[in-house]
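The values are calculated or read from the model by the stated rules, or taken from the named source; none is laboratory data. Since the model is a prediction, treat every value here as computed from it, not as a measurement. Cβ placement follows ideal geometry from the backbone for every residue including glycine, while neighbour counts extend to all protein chains displayed.
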Amino acid sequence: MIDSIYSLDISHPPDINGHFGRFGGRFAAETLMGPLKALEEAFYEAWKDETFHQKRFHLLKNYVGRATPLYHAEHLSKEVGGAQIYLKREDLTHTGAHKINNTIGQGLLAQRMGKKRVIAETGAGQHGVATATVAAMFGMQCDVYMGREDTERQAPNVFRMKLLGANVIPVDSGSATLKDALNEALRDWVASCEDTFYIIGTVAGPHPYPLMVRQFHVVIGQEARAQCLAQTGKLPDVAVACVGGGSNAMGLLHPFRDDDVRLVAVEAAGHGLESGEHAASLAAGRPGILHGNLTYLLENDEGQIQGTHSISAGLDYPGVGPELAAMLEDGQLDLDTVTDSEALEAFKTLTRSEGIIPALESSHALASGIRIAAGMNPDQTVLINLSGRGDKDMNTVFDRLHDEIEGSKA
Amino acid sequence: MSRDRIAECFARCRNEGRSALVGYLTAGDPDVATSEELLLALAGKVDILEIGMPFSDPMADGPVIQAASERALEAGVLIRDVFALAAKVNSTCPDTCIVLMGYANVPYALGFENFSEQAARAGVDGVLIVDIPPEEGAVCDHALRKNGLHRILLLSPTSSDTRIKLASDAASGFIYYVSLTGITGAEMGEAAAIEQQVERIRSFSSLPICVGFGVKTAEQAAKVATFADGVVIGSHFVSQIPLHCNDHNAMVTALKKTASAMRDAVRKVAV
């Protein structure tokens, strides 16, 4: 039996061609249009099939570890001195981040479609690890594209994927980061769509990916909504999530869209928006077309995609899910940005006050959530998506905080 | 547009009993000045010149054309240079058709109205945007039509009959049949299978059909020319550039020689 908190209704659907307002769509090469249509049909058909969901929720419960807890961060709340802060503990899932909710769903779909091989793109490596994990479990061949620069920054995750039996292919084209890994995965898929399933890791890409990935992640918000009601007797006043492509944000925020809850998306401001070195597509970009969808992009005047920067590799992407762009323009979403230093500060604060080491991505949501909570009353609640754990970030944090923690020799 | 040069071109080829030769180069590769020489050299040999608009993320292209885009962007080529190069080709070779080819975000950033006006003024005949399928035509169709530009669409081995009909209705000028499921510059498939697909498209559309992706040798071009209205050579022409990166004269000479061989290949056969 699937718990009744997990509604299977597809609310706020896109139009027939995958448009959310003026965003989204299917801006793909002709060769991919057939496979995308087949994928869309397979997704809708599976979604209507009770046995598909039974398998999915069986794995979400017994393999992923859902439902993840909702944790009242009392010490942090006290320290901040404002609203009560609640953390949705996606960091406690198998593989350490929310990404696996989606790879379980797409993996089952791949199996259902009879595909023997899966491919994925990855930035920080979390989606790659989550894909390699389900590929190992389902016995599928797995190739993961990863920018050369990211394979060096995230070496432990590369090793994890290889341990899981995946083949990690470093990408040297373009800027050798996440966007280029996505290009390379698309090039692979154009040639291999007959027997290969492309597991996209975020709510971007051509239709049906933004819809499909959202639907596989809404369990986050559905659980959080029920848990808030159970623990506090009411809905949260504010829900906060970080946004790179936007998968954890859509997962948390979507189930609150028809409620009186303020929804906040937090983008990576890197060295500051004015520095030009950031990854804040919604805050500082403009609409354009990339990777199969119309959405906000970071680009120059000529429409060439720009390099991005964030301390968190998972937010380091020049685009954003089209539905988030539509929600922002419709006034359904508030936008906040957090710099590298602010994220690191929040990382330290949570670690010391609650004994929880968050991912640097999630630290952006924390920094914003803490700022918002500070201006609210103690009888109000702020819900923050703790989308992943920080183990993978030790090298980055070590470089930044080593002297401070160990005591500077100077 | 005062004349429909693309229609004239295919009529002329039919009369001459041959296929049209369609050649591709990326604008601004390896730099604007050399690119002008190369484009003019190629324009003298082909019936239709495809001028690629460089893009930072060319998702449908193989390594050869990706590298061409990177060289052009590194050389600082701008969209206004692309229009200037097209205008130069147009004034020098008035019978050669010009098609701008590329990815949606470059014209979208400029605005399709503005883009189409400037393209038409430069003498461009048609536009092929790889990542705008018929379903997404709302972003560009009106502006292209208003400025008399053909909207050239792709079809591929994965296109269903329904999609062939859809594309045939939305396309004008010609249909570009992608001969393989893959990216530009990959290995061409069986000619017989490609011929079968071309015949399938013909049952839905009266537009001329050009076949591209993977045609590298004169033999392949000659074979494709027996059943297609046009043969597109892209990566093979572009690959001459890095081969002669230190000697621009040799680069132009090599391109001319390759283009002549392809021109002979598509002429030999009687359709």
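Values computed for the structure shown
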| quantity | calculated |
| --- | --- |
| Among residues of region B:31-60, those that are part of a loop (DSSP other than H, G, I, E, B) and not hydrophobic (A, V, I, L, M, F, W, C), counted | 8 |
| Members of region B:144-155 found to be surrounded by fewer than 20 Cβ atoms within 10 Å (Cβ to Cβ) and either without any contact (Cβ under 8 Å) to a residue 24 or more places away in the chain or within 10 Å of chain A (Cβ to nearest Cβ) (or both), listed by number | B:R145 |
| Of the criteria (1) surrounded by fewer than 18 Cβ atoms within 10 Å (Cβ to Cβ); (2) acidic (D, E); (3) facing another protein chain (nearest Cβ under 8 Å), which one A:E41 fails | (3) |
| Scan of region A:7-35 for residues that are within 12 Å of chain B (Cβ to nearest Cβ), out of contact with any strand residue (DSSP E or B) (no Cβ under 9 Å at 6 or more places or on another chain) and assigned to a loop (DSSP other than H, G, I, E, B), ordered by number | A:I16 |
| Any hit, region A:3-16, residues being farther than 29 Å from A:A226 by Cα, buried (at least 17 other Cβ atoms within 10 Å of the Cβ) and touching a Gly at 6+ places or on another chain (Cβ under 9 Å) | no |
| Pair list, Cβ < 9 Å and 6+ apart or interchain, from region B:162-187 residues that are of a type in the set (D, E, K, R) to residues that are not in a loop (DSSP other than H, G, I, E, B) | B:R163/A:E30; B:R163/A:M33; B:R163/A:G34; B:R163/A:K37; B:R163/B:P134; B:R163/B:L155; B:D169/B:P134 |
| In region A:294-308, the residues that are acidic (D, E) and either modelled with pLDDT under 95 or over 19 Å from A:F27 (Cβ atoms) (or both) | A:D301 |
| Members of region A:309-337 that are surrounded by fewer than 24 Cβ atoms within 10 Å (Cβ to Cβ), modelled with pLDDT of 95 or more and not in a helix (DSSP H, G or I) | A:D330, A:G331, A:Q332, A:L333, A:D334, A:L335, A:D336, A:T337 |
| A:Y63 vs. criteria in contact (Cβ under 8 Å) with a residue 12 or more places away in the chain and part of a helix (DSSP H, G or I) | yes |
| Residue in region B:50-69 that is under 19 Å from B:S260 (Cα atoms) and modelled with pLDDT of 95 or more present | yes |
| Residue that is surrounded by the most Cβ atoms within 10 Å (Cβ to Cβ), among those in region A:143-162 that are within 21 Å of the chain's Cα centre (by Cα) and of a type in the set (D, E) | A:D150 |
| Number of the condition not met by A:Q126 [criteria: (1) among the polar types (S, T, N, Q); (2) within 11 Å of chain B (Cβ to nearest Cβ); (3) buried (at least 22 other Cβ atoms within 10 Å of the Cβ)] | (2) |
| Verdict on B:D131 being buried (at least 20 other Cβ atoms within 10 Å of the Cβ), out of contact with any Gly (no Cβ under 6 Å at 6 or more places or on another chain) and touching a residue at least 60 places away in the same chain (Cβ under 8 Å) | yes |
| Region A:268-295: number of residues that are surrounded by 24 or more Cβ atoms within 10 Å (Cβ to Cβ) and out of contact with any strand residue (DSSP E or B) (no Cβ under 6 Å at 6 or more places or on another chain) | 3 |
| Residues of region B:61-76 classified as in a loop (DSSP other than H, G, I, E, B), surrounded by fewer than 24 Cβ atoms within 10 Å (Cβ to Cβ) and facing chain A (nearest Cβ under 9 Å), total | 1 |
| Region A:163-201: number of residues that are more than 14 Å from chain B (Cβ to nearest Cβ) and over 22 Å from the mean Cα position of the chain (by Cα) | 3 |
| Members of region B:17-54 that are crowded, with 24+ Cβ neighbours inside 10 Å and either free of Cβ contacts under 8 Å to residues at least 12 places away in the same chain or among the small types (G, A, S) (or both) | B:S19, B:A20, B:G23, B:A27, B:G28, B:S35, B:A43, B:G52 |
| Test result for A:L36, surrounded by 14 or more Cβ atoms within 10 Å (Cβ to Cβ) and in contact with a Phe, Trp or Tyr (Cβ under 7 Å, 6 or more places away or on another chain) | no |
| Region A:380-405 residues that are within 20 Å of A:A155 (Cα to Cα), paired with ones that are β-branched (V, I, T) (beta carbon under 6 Å, 6 or more apart) | A:G390/A:I357 |
| Some residue of region A:357-376 being more than 24 Å from A:V64 (Cα to Cα), out of contact with any strand residue (DSSP E or B) (no Cβ under 9 Å at 6 or more places or on another chain) and either surrounded by fewer than 24 Cβ atoms within 10 Å (Cβ to Cβ) or β-branched (V, I, T) (or both) | yes |
| So A:V219, is it among the β-branched types (V, I, T), surrounded by 23 or more Cβ atoms within 10 Å (Cβ to Cβ) and in contact (Cβ under 8 Å) with a residue 60 or more places away in the chain | yes |
| Residue check, B:L100 touching a Lys or Arg at 6+ places or on another chain (Cβ under 8 Å) and either in contact (Cβ under 8 Å) with a residue 40 or more places away in the chain or away from chain A (no Cβ under 13 Å) (or both) | no |
| Number of the exception - B:G123 against (1) under 18 Å from the mean Cα position of the chain (by Cα); (2) at negative phi; (3) at pLDDT 95 or above | (2) |
| Every residue from region A:281-311 that is more than 14 Å from every other protein chain (Cβ to nearest Cβ) and within 11 Å of A:E267 (Cβ to Cβ) | A:L282, A:A283, A:A284, A:S310 |
| Counted residues, region B:115-137 - those being more than 19 Å from B:L155 (Cα to Cα) and within 11 Å of chain A (Cβ to nearest Cβ) | 1 |
| Flag for B:T158 being among the β-branched types (V, I, T), free of Cβ contacts under 8 Å to residues at least 24 places away in the same chain, more than 21 Å from B:T26 (Cα to Cα) and surrounded by fewer than 16 Cβ atoms within 10 Å (Cβ to Cβ) | no |
| Subset of region B:182-196 that is touching a Ser or Thr at 6+ places or on another chain (Cβ under 7 Å) and under 13 Å from B:G234 (Cα atoms) - its residue that is surrounded by the most Cβ atoms within 10 Å (Cβ to Cβ) | B:T184 |
| Residue in region B:86-105 that is of a type in the set (K, R), over 18 Å from the mean Cα position of the chain (by Cα) and over 23 Å from B:D61 (Cα atoms) present | no |
